[in-house]
Amino acid sequence: MEKSETDLPGVFILTPKIHRDDRGHFYEVYNSETMKSMGFDYTVAQINQSVSRGGVLRGLHYQLLKPQAKIVRVLQGKILDVAVDIRIGSPTFKKHIMVELADAIQTAVYIPAGFAHGFYVLSQSATVEYTCDALYSGPGDQRGIYWGSTALAIRWPFADGEPITSHQDGNLPRLQDIPENLLPHMNAPRK
């Protein structure tokens, strides 16, 4: 596996070594020793999967008290994946990165704890896998930021107006309306 830097420090593209032959292909999705050798302090605690139709936007989500680092990859389809640094005190606070992930290219994105995450489905449907280093800590710790927050300046590529969102995601607070005590802090210890 190869690790490539992005424009947002701490967020990396992970590209597997793919072995192809006339039968198809094989690659290692996750190897704890490889992750350690690349400098990641990461242990798989939970693996989630979502299936969404085209035009769906999920996010931007984060956990405050028990933040999760994530490895996100697409099992089927194509998405525009977004990670936003929302850590108070970070030099890249409010900056984001957009990465196209697709089953055809087999890359993944590593998103550290303290970042908000979301994605927009570009294909007719998409199956997305999130490998997390901490467990989901329940609805009391579940937080989110409205995808259209002007403070984030994310240029979503919506084809026809508004995206399809859940009621909850469509009513999340804008970043500028969230008090600092409800956002992660740059040097806060992980619990």
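The values are calculated or read from the model by the stated rules, or taken from the named source; none is laboratory data. These numbers come from a predicted model, not from an experiment. Note that we place each Cβ from the backbone using ideal geometry, even for glycine, and neighbour counts take in every protein chain shown.
Taken over region 99-116, the criterion of being buried (at least 21 other Cβ atoms within 10 Å of the Cβ) and within 25 Å of residue 170 (Cβ to Cβ) is satisfied by 101, 109, 111, 114, 115, 116.
Assessment of region 91-98 against the conditions (within 20 Å of residue 42 (Cα to Cα), surrounded by 18 or more Cβ atoms within 10 Å (Cβ to Cβ) and under 13 Å from the mean Cα position of the chain (by Cα)) yields no matching residue. Restricting 75, 60 to residues that are at pLDDT 95 or above, among the aliphatic types (A, V, I, L, M) and closer than 21 Å to residue 9 by Cα narrows the list to 60. In region 119-136, what residues are closer than 25 Å to residue 32 by Cα and under 11 Å from the mean Cα position of the chain (by Cα)? Those that are closer than 25 Å to residue 32 by Cα and under 11 Å from the mean Cα position of the chain (by Cα): 128, 129, 130, 131, 132. Note on region 31-61: among residues that are within 30 Å of residue 160 (Cα to Cα) and β-branched (Val, Ile, Thr), the one that is surrounded by the fewest Cβ atoms within 10 Å (Cβ to Cβ) is 51.
Restricting region 82-102 to residues that are of a type outside the set (Val, Ile, Thr), touching a strand residue (DSSP E or B) at 6+ places or on another chain (Cβ under 8 Å) and not in a strand (DSSP E or B) leaves a set whose member that is nearest to residue 20 (Cα to Cα) is 95.
What strands (runs of 3 or more DSSP E), lying completely within region 103-166, carry at least 3 residues that are touching a residue at least 60 places away in the same chain (Cβ under 8 Å), β-branched (Val, Ile, Thr) and more than 23 Å from residue 89 (Cα to Cα)? Break it down stepwise before answering.
Working: elements: 108-111, 115-121, 125-132, 142-144.
In region 103-166, 125-132 are the strands (runs of 3 or more DSSP E) which contain 3 or more residues that are touching a residue at least 60 places away in the same chain (Cβ under 8 Å), β-branched (Val, Ile, Thr) and more than 23 Å from residue 89 (Cα to Cα).
Return yes when residue 139 is over 18 Å from the mean Cα position of the chain (by Cα), surrounded by fewer than 19 Cβ atoms within 10 Å (Cβ to Cβ), modelled with pLDDT of 95 or more and under 29 Å from residue 45 (Cβ atoms) and no when it is not. No: the conditions fail for residue 139. Counting only strands (runs of 3 or more DSSP E) wholly contained in region 1-81, the ones carrying 2 or more residues that are under 24 Å from residue 136 (Cα atoms) and touching a residue at least 40 places away in the same chain (Cβ under 8 Å) occupy 12-15, 46-53, 57-63, 70-76.
Scanning region 13-30 for residues that are surrounded by 10 or more Cβ atoms within 10 Å (Cβ to Cβ) and out of contact with any Pro (no Cβ under 9 Å at 6 or more places or on another chain) turns up 13, 14, 15, 16, 17, 18, 19, 25, 26, 30.
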